[in-house]
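S.K.: Before we start, here is the structure in question, set down as structure tokens.
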Amino acid sequence: METKRTVFPNKVLPYLFVAPQLIITLVFFIWPATQAVKSSFERADPFGFSTQFVGLTHYIRLFQDPLYLNSIGRTVMFAIAVTAISMGLALLFAAAVSRLIRSSQFYTTLLVWPYAVAPVVAGILWWFLFNSSTGILAYMLRYFGVIWNANLNGTHAMILIIAAAAWKQISYNFLFFLAGMQSVPHSLTEAAAIDGAGPFKRFWTIVFPLLSPTTFFLFIININYVMFDTFGIIAATTNGGPNQATNILVYKVYSDGFIGLNIGSSSAQSVVLMLFVIALTFIQFRYVERRVNY
Amino acid sequence: MASITLTSVKKTYHGNVTAIHGLDLSIEDGEFVVLVGPSGCGKSTLLRMIAGLETITTGEVRIGNTVVNRLEPAERDIAMVFQNYALYPHMSVRGNLEYGLKNRGTPRPEIDRRVLEAARILEIEPFLDRKPRQLSGGQRQRVAMGRAIVRQPKAFLFDEPLSNLDAKLRGQMRVEIRRLQRTLGTTSVYVTHDQLEAMTLADKLVVMNAGVIEQIGRPLDIYADPQSLFVAAFMGSPGMNLVDIERLRGLVADLPASIPSGTGTIGIRPEDIALDEPATPHFTISATLEAVELVGSESLIYANAQGLSEDVVLRSQGIHRGNPGDPLTLHIRHEVLHSFLRETGRKAAA
Amino acid sequence: MVENRPFLSILTHAVLIAGVIIVAFPVYVAIIAMTHTDVTLNSGAPLLPGGELVANLIAVWTFDPPGAPPFWLMVWNSTLMALIIMIGKIVISIVSAYAIVYFRFPFRTLAFWVIFITLMLPVEVRIIPTYEVVANLGMLNSYAGLTVPLIASATATFLFRQFFMTIPDEMMEAARVDGAGPLKFFRDILLPLSRTNIAALCIILFIYGWVQYLWPLLVTTREEHFTLMMGVRQMAGAQKVDPQWNIIMTAVVLAMLPPVVIVIAMQRLFVKGLVETEK
């Protein structure tokens with residue numbers, strides 16, 4: 001990994017500079033992570049006096065547990081829907097904004113601010129919209145004969161969290177798509193125009209293919225977002241219910257461990273999630289334009 | 001001000017790549033020394049070793065009477081002008097000039113006096129309160145010089161300071177640097193890959209190649225009497241014509257007997273080839289004209305002689321009118337030949 | 001480029017107006033709810049503003065929701081938490097990037113990878129053991145517990161590292177010739193040059209700290225350290241028994257206001273910070 005051509009000769013100073021970051025990382029990240037791995041192979045007696053090595057028991061139980069398999073299924077559904085909706089709409093809006101010159105800043109401003117909305121808040125906003133007694137969307141749906149109740153109907157609950165999660169993520173995807181489109185050289189679209197390609201054709205044959213690194217990057221980021229950052233949305237709305245319909249993996253690991261106090265199973269779930277993030281990070285740095293050059 | 005002495009200086013990277021092969025050089029007090037050579041020849045590394053920006057693997061660097069090998073750049077009392085100027089972008093011109101003095105604890109009135117004086121010498125007084133980005137390339141260059149001058153160091157080190165300027169400005173600044181150095185009398189080491197710059201600036205020219213010194217001398221001596229094939233080819237534009245002796249023998253029956261034995265290559269400067277027959281002893285080559293470049297006051301003529309692998313270039317005063325394919329007779333006087341040994345490429349002793 | 005396609009222009013604007021409506025609608029409804037009484041809200045879903053805005057604003061600031069501390073205290077806690085996280089992350093990241101770029105020392109690459117690993121270990125995958133560490137260190141229910149474990153930052157470190165690499169090598173060499181040591185160079189040259197990057201990062205990191213929910217939920221059990229996100233969640237949860245939607249939505253809008261205002265007011269910096277930290 002590179003440094004500057006010339007470096008300062010001090011021997012102690014650099015250690016002092018990296019120490020705070022390293023200490024926090026070791027104490028609050030790496031140590032707890034190893035503990036999670038360790039306790040996923042152990043069972044503690046009810047009084048916490050001794051622990052016993054149980055090998056893969058927790059993992060085997062986990063993947064035989066219909067509730068966990070259900071949670072995986074729900075997570076996959078949730079992830080696909082949120083990623084597709086938020087990326088699709090963001091791509092549409094970015095393509096539209098990039099056609100404009102004078103008003104592009106104006107629309108951008110109006111589209112980006114949901115980035116700053118907390119997941120919890122996003123959850124409550126949509127919960128209110130869909131609330132069966134006061135929500136305007138529930139009210140409108142009733143007009144179409146749909147009796148909306150996310151408290152009782154699992155599909156309704158799923159739609160609710162998908163809407164909230166996708167809504168919040170549009171702004172992020174929009175900004176990256178827009179940045180990607182702005183970096184496509186004008187000469188390319190101009191050449192295509194001279195070659196007789198209309199605006200739609202230019203978009204699909206020139207701009208969109210050139211955006212593929214951005215698209216792939218966003219895909220990874222969105223999966224990460226849906227898997228982890230949506231905790232607040234679930235916690236503020238459905239709490240995983242009704243009847244496990246929205247109990248996605250990140251919420252389940254919390255409720256089983258922190259509320260249900262099932263340490264072994266929760267640790268095994270943690271380790272599964274950890275492997276998942278490691279894989280995502282690996283893919284991101286291996287195939288996406290790299291953030292780090294070493 | 002001080003002399004600079006390098007004794008058996010060597011630089012090795014990562015234990016195996018050698019950039020400088022044990023090199024000796026002495027620079028007199030007040031002398032303007034130019035290190036010239038192609039990129040990668042080690043000239044910048046050498047300069048940065050004098051500055052203290054690179055460590056010295058073995059050998060010794062002295063500034064004045066002090067061995068500076070282990071001294072920090074700031075402790076060596078030198079000033080440096082960088083290729084990209086390295087002005088501090090967030091500081092005004094004044095801030096840039098003052099920074100080094102402040103770090104040294106120079107008293108305020110003295111700082112102000114020196115800054116004003118440097119600004120006056122370099123004619124940058126009107127810009128003292130501007131930021132570097134508000135200046136033109138030439139003005140930035142002057143600020144970079146000013147930053148060196150205010151320090152009144154033992155030596156100035158220049159690392160290709162003019163290569164970011166356009167040709168015209170480069171010419172002006174060259175003259176100015178030379179004048180400034182004469183006035184201040186500060187020992188200067190100047191690195192460039194531009195042989196014209198090297199020729200015009202140097203009291204003493206050091207031609208480097210692949211981490212070794214090829215030749216040291218006054219610029220005109222080096223031009224007139226290159227000690228190796230490398231120097232012969234590198235100094236001068238266009239460079240010296242270098243012809244394999246065997247091919248030349250195949251072309252010319254009456255080569256002078258004075259060519260030393262062991263010679264592999266004969267060198268002839270473009271201006272030493274004449275189209276008109278001279279009075280002194282000479283030989284001739286028949287050739288055909290390939291192309292003519294008119295450079296204003298003179299013409300560069302590219303001629304092809306049967307049997308030579310490359311075109312011969314000659315320089316002719318005035319405008320040469322001719323067309324490709326025209327026959328030419330090239331006249332070469334005996335005394336202008338440079339002979340280089342086949343084995344080593346060094347100059348062959350007469 | 002000359003393009004004369006009025007239909008396409010209309011379509012473009014239509015798409016964007018629809019987009020703005022989709023994005024703004026939930027917040028619009030929330031803002032409308034701020035202006036009504038709970039009775040109005042529970043009897044229907046008004047789409048036009050009412051006259052209760054001021055009353056609701058006053059009510060929320062004096063409101064002491066069940067199971068949560070007074071509103072103003074939560075605002076204070078959230079502000080403090082976001083600011084400490086923001087400053088902490090910037091400070092420790094800029095100095096570690098400085099060490100990694102401007103020094104060579106044994107274990108430098110190892111240090112870099114240790115920092116990198118934080119990217120792979122979000123709090124969600126190590127909930128209980130991290131809670132235990134914080135509990136063992138006696139940091140539950142404290143500002144230190146709320147913030148310190150969150151201030152390690154690989155992304156901020158990478159951003160600064162990336163930025164330092166774009167500063168010409170000669171800058172530091174010139175400073176050294178000018179007699180600046182590592183601390184002086186950092187203070188006089190590097191920090192001023194990093195101003196824009198720091199500002200852009202501040203925005204991103206303030207938002208990061210402000211929207212935290214899971215972490216404060218884990219480490220605070222006493223009300224006086226609850227944050228705004230926990231508070232609005234608590235209030236929204238309580239609506240099943242006492243549906244004071246006017247107060248809830250007022251609190252929700254206020255809770256999202258600071259970061260949203262920052263993003264809109266400093267859009268250019270925000271976009272720079274966001275796009276560059278992720279690249």
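S.K.: Going through C:39, C:54 one at a time, which residue ends up being at pLDDT below 80 and farther than 27 Å from residue A:165 by Cβ?
M.R.: Working: C:54 fails: at pLDDT below 80.
Result of the check over C:39, C:54: C:39.
S.K.: Hey, among the residues in segment C:164-187 that are open to solvent by 30 Å² or more (accessible area, probe 1.4 Å) and of a type in the set (Asp, Glu), which one's farthest from residue C:90 (Cα to Cα)?
M.R.: Result: C:170.
S.K.: A further question on this structure: Can you tell me which residue is nearest to the other protein chains (Cβ to nearest Cβ) among those in segment A:10-61 that are of a type in the set (D, E, K, R) and part of a helix (DSSP H, G or I)? First the steps, then the outcome.
M.R.: Residues of segment A:10-61 that are of a type in the set (D, E, K, R), as a first pass: A:11, A:38, A:42-43, A:45, A:61.
Next, only the ones that are part of a helix (DSSP H, G or I) stay: A:38, A:61.
Values: A:38: 9, A:61: 18 Å.
Filtering first and then ranking leaves A:38.
S.K.: Considering only segment B:172-229, how many residues are in contact (Cβ under 8 Å) with a residue 40 or more places away in the chain, assigned to a loop (DSSP other than H, G, I, E, B) and surrounded by fewer than 17 Cβ atoms within 10 Å (Cβ to Cβ)?
M.R.: 3
S.K.: Also, I was wondering about something else. Could you please give the count of residues in segment B:1-39 that are without any contact (Cβ under 8 Å) to a residue 12 or more places away in the chain and more than 21 Å from residue B:71 (Cα to Cα)?
M.R.: Within segment B:1-39, the subset without any contact (Cβ under 8 Å) to a residue 12 or more places away in the chain is B:13-17.
Filter once more, so that each one left must be more than 21 Å from residue B:71 (Cα to Cα): B:14-17.
Adding up the residues that qualify gives 4.
S.K.: Can you give me the ranges of the helices (runs of 4 or more DSSP H) entirely in segment A:210-259 with at least 2 residues that are within 20 Å of residue A:85 (Cβ to Cβ), in contact (Cβ under 8 Å) with a residue 24 or more places away in the chain and of a type in the set (Gly, Ala, Ser)? So that I can check it myself, show each step before the final result.
M.R.: On the way: elements: A:212-224, A:231-236, A:249-254.
Where helices (runs of 4 or more DSSP H) fall fully within segment A:210-259 and carry at least 2 residues being within 20 Å of residue A:85 (Cβ to Cβ), in contact (Cβ under 8 Å) with a residue 24 or more places away in the chain and of a type in the set (Gly, Ala, Ser), they are A:231-236.
S.K.: Go through segment C:207-237 and give me each residue that's touching a residue at least 40 places away in the same chain (Cβ under 8 Å) and facing another protein chain (nearest Cβ under 9 Å). Outline the logic, then answer.
M.R.: Let us first name the residues in segment C:207-237 that are touching a residue at least 40 places away in the same chain (Cβ under 8 Å), namely C:207-212, C:214-216, C:218-231, C:234-235.
Hits for segment C:207-237 are C:207, C:210, C:211, C:212, C:214, C:218, C:228, C:229, C:230, C:235.
S.K.: What residue, among those in segment C:223-246 that are surrounded by fewer than 22 Cβ atoms within 10 Å (Cβ to Cβ) and hydrophobic (A, V, I, L, M, F, W, C), is nearest to residue C:145 (Cα to Cα)?
M.R.: If we take residues in segment C:223-246 being surrounded by fewer than 22 Cβ atoms within 10 Å (Cβ to Cβ) and hydrophobic (A, V, I, L, M, F, W, C), then C:238 is nearest to residue C:145 (Cα to Cα).
S.K.: Something else now. With the checklist (1) open to solvent by 60 Å² or more (accessible area, probe 1.4 Å); (2) modelled with pLDDT of 90 or more; (3) basic (Lys, Arg); (4) within 20 Å of residue B:275 (Cα to Cα) in hand, flag the one item residue B:346 doesn't pass.
M.R.: Result: residue B:346 passes all but (4).
S.K.: With respect to the numbered conditions (1) touching a residue at least 12 places away in the same chain (Cβ under 8 Å); (2) within 25 Å of residue C:276 (Cβ to Cβ), which one is the sole condition not fulfilled by residue A:183?
M.R.: Failing condition for residue A:183: (1).
S.K.: Let me ask something else about it. Would you mind finding the one in C:138, C:179 that is more than 26 Å from residue C:255 (Cα to Cα), in contact with a Lys or Arg (Cβ under 7 Å, 6 or more places away or on another chain) and more than 10 Å from chain A (Cβ to nearest Cβ)? Walk me through how you get there before you give the answer.
M.R.: Working: C:138 fails: in contact with a Lys or Arg (Cβ under 7 Å, 6 or more places away or on another chain).
None of the other options fit; the residue is C:179.
S.K.: If we only count strands (runs of 3 or more DSSP E) wholly inside segment B:278-325, which ones have 1 or more residues that are more than 27 Å from residue B:255 (Cα to Cα), open to solvent by 40 Å² or more (accessible area, probe 1.4 Å) and not small (Gly, Ala, Ser)? Full working, then the answer.
M.R.: Values: elements: B:282-294, B:298-304, B:312-317.
So the answer is B:282-294.
S.K.: What strands (runs of 3 or more DSSP E), lying completely within segment B:25-87, carry at least 3 residues that are not aliphatic (A, V, I, L, M)?
M.R.: In segment B:25-87, B:58-63 are the strands (runs of 3 or more DSSP E) which contain 3 or more residues that are not aliphatic (A, V, I, L, M).
S.K.: Which condition number in (1) more than 9 Å from chain A (Cβ to nearest Cβ); (2) out of contact with any Leu (no Cβ under 9 Å at 6 or more places or on another chain); (3) open to solvent by less than 20 Å² (accessible area, probe 1.4 Å) is the one that residue C:82 fails?
M.R.: Just one mismatch for residue C:82, condition (2).
S.K.: A further question on this structure: Report, ordered by the first and then the second residue, all pairs with beta carbons closer than 7 Å, sequence separation of six or more or different chains, a first member in segment C:51-68 that is more than 17 Å from residue C:31 (Cβ to Cβ), and a second member that is assigned to a loop (DSSP other than H, G, I, E, B).
M.R.: Qualifying pairs under 7 Å: C:64/C:70; C:68/C:226.
S.K.: When segment C:164-176 is examined, which residues are found to be within 14 Å of chain B (Cβ to nearest Cβ) and touching a residue at least 60 places away in the same chain (Cβ under 8 Å)? Even if it seems obvious, please write down each step before you answer.
M.R.: Residues of segment C:164-176 within 14 Å of chain B (Cβ to nearest Cβ): C:166-176.
Answer for segment C:164-176, where residues must be within 14 Å of chain B (Cβ to nearest Cβ) and touching a residue at least 60 places away in the same chain (Cβ under 8 Å): just C:172.
Each row is one residue, and each column tells you yes or no for (1) assigned to a helix (DSSP H, G or I); (2) in contact (Cβ under 8 Å) with a residue 24 or more places away in the chain; (3) open to solvent by less than 10 Å² (accessible area, probe 1.4 Å).
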{"site": "A:114", "(1), (2), (3)": "yes, yes, yes"}
{"site": "A:124", "(1), (2), (3)": "yes, yes, yes"}
{"site": "A:147", "(1), (2), (3)": "no, no, no"}
{"site": "A:156", "(1), (2), (3)": "yes, yes, no"}
{"site": "A:167", "(1), (2), (3)": "yes, yes, yes"}
{"site": "A:173", "(1), (2), (3)": "yes, yes, yes"}
{"site": "A:196", "(1), (2), (3)": "no, no, no"}
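S.K.: Of the conditions (1) part of a helix (DSSP H, G or I); (2) farther than 22 Å from residue B:63 by Cα, residue B:165 fails just one. Which one is it?
M.R.: So the condition that residue B:165 fails would be (1).
Matching residues to (1) among the acidic types (Asp, Glu); (2) more than 8 Å from every other protein chain (Cβ to nearest Cβ):
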position	(1), (2)
A:188	no, yes
A:195	yes, yes
A:209	no, yes
A:214	no, yes
A:253	no, no
A:266	no, no
A:273	no, no
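S.K.: Further question on the same structure: Looking only at segment A:126-145, which residues are surrounded by fewer than 21 Cβ atoms within 10 Å (Cβ to Cβ), of a type outside the set (Gly, Ala, Ser) and in a loop (DSSP other than H, G, I, E, B)?
M.R.: Correct list: A:144 only.
S.K.: Separate question: Can you tell me which residue in segment C:134-163 is most open to solvent (accessible area, probe 1.4 Å), limited to those that are of a type outside the set (A, V, I, L, M), more than 19 Å from residue C:277 (Cβ to Cβ) and in contact (Cβ under 8 Å) with a residue 40 or more places away in the chain? I'd like the intermediate steps shown before the answer.
M.R.: Quick first cut of segment C:134-163, residues of a type outside the set (A, V, I, L, M) only: C:136, C:138, C:141-143, C:145, C:147, C:149, C:153, C:155, C:157-158, C:160-163.
Checking the rest, the ones that are also more than 19 Å from residue C:277 (Cβ to Cβ) come to C:136, C:138, C:141-143, C:145, C:147, C:149.
Still in the running and in contact (Cβ under 8 Å) with a residue 40 or more places away in the chain: C:141-143, C:145, C:147, C:149.
Working: C:141: 20, C:142: 29, C:143: 66, C:145: 0, C:147: 3, C:149: 4 Å².
Result: C:143.
S.K.: Can we say residue A:255 is under 21 Å from residue C:213 (Cα atoms) and either open to solvent by 20 Å² or more (accessible area, probe 1.4 Å) or among the β-branched types (Val, Ile, Thr) (or both)?
M.R.: Values: under 21 Å from residue C:213 (Cα atoms): yes; either open to solvent by 20 Å² or more (accessible area, probe 1.4 Å) or among the β-branched types (Val, Ile, Thr) (or both): yes.
Here the answer is yes, as residue A:255 does meet what is asked.
S.K.: Being open to solvent by 10 Å² or more (accessible area, probe 1.4 Å), of a type outside the set (S, T, N, Q) and part of a helix (DSSP H, G or I) is the filter here; which residues of segment B:100-116 pass it? Give the derivation first.
M.R.: Going through segment B:100-116, the residues open to solvent by 10 Å² or more (accessible area, probe 1.4 Å) turn out to be B:102-110, B:112-114, B:116.
Filter once more, so that each one left must be of a type outside the set (S, T, N, Q): B:102, B:104-105, B:107-110, B:112-114, B:116.
Once the filter is applied, which keeps residues that are open to solvent by 10 Å² or more (accessible area, probe 1.4 Å), of a type outside the set (S, T, N, Q) and part of a helix (DSSP H, G or I), segment B:100-116 yields B:102, B:108, B:109, B:110, B:112, B:113, B:114, B:116.
S.K.: Additional query: Name the one entry in C:23, C:60, C:54, C:29 that is closer than 21 Å to residue A:120 by Cβ and more than 10 Å from every other protein chain (Cβ to nearest Cβ). First the steps, then the outcome.
M.R.: Values: C:23 fails: more than 10 Å from every other protein chain (Cβ to nearest Cβ); C:54 fails: closer than 21 Å to residue A:120 by Cβ; C:29 fails: more than 10 Å from every other protein chain (Cβ to nearest Cβ).
On inspection, the qualifying residue turns out to be C:60.
S.K.: Oh, and also: Would you confirm whether any residue within segment C:114-133 is more than 7 Å from chain A (Cβ to nearest Cβ), of a type in the set (A, V, I, L, M, F, W, C) and open to solvent by 40 Å² or more (accessible area, probe 1.4 Å)?
M.R.: There is no residue in segment C:114-133 that is more than 7 Å from chain A (Cβ to nearest Cβ), of a type in the set (A, V, I, L, M, F, W, C) and open to solvent by 40 Å² or more (accessible area, probe 1.4 Å).
S.K.: To continue, here is another question. Tell me, please, whether a residue that is more than 21 Å from residue A:140 (Cβ to Cβ) and in a helix (DSSP H, G or I) can be found in segment C:26-42.
M.R.: Looking for residues that are more than 21 Å from residue A:140 (Cβ to Cβ) and in a helix (DSSP H, G or I), one finds at least one in segment C:26-42, hence yes.
S.K.: Does residue C:258 count as open to solvent by 10 Å² or more (accessible area, probe 1.4 Å), facing chain A (nearest Cβ under 8 Å) and either in contact with a Cys (Cβ under 8 Å, 6 or more places away or on another chain) or touching a residue at least 40 places away in the same chain (Cβ under 8 Å) (or both)? Can you show your working first?
M.R.: Values: open to solvent by 10 Å² or more (accessible area, probe 1.4 Å): yes; facing chain A (nearest Cβ under 8 Å): no; either in contact with a Cys (Cβ under 8 Å, 6 or more places away or on another chain) or touching a residue at least 40 places away in the same chain (Cβ under 8 Å) (or both): yes.
Against the criterion (open to solvent by 10 Å² or more (accessible area, probe 1.4 Å), facing chain A (nearest Cβ under 8 Å) and either in contact with a Cys (Cβ under 8 Å, 6 or more places away or on another chain) or touching a residue at least 40 places away in the same chain (Cβ under 8 Å) (or both)), residue C:258 does not qualify.
The values are calculated or read from the model by the stated rules, or taken from the named source; none is laboratory data. Since we're looking at a predicted model, the values are computed, not measured. In this analysis, Cβ positions are derived from the backbone assuming ideal geometry, glycine residues included, and neighbour counts consider all displayed protein chains. Accessible surface is based on the protein model in full, side chains and every heavy atom, while ligands, DNA and RNA are left aside. Shrake-Rupley method; radii C 1.70, N 1.55, O 1.52, S 1.80 Å.
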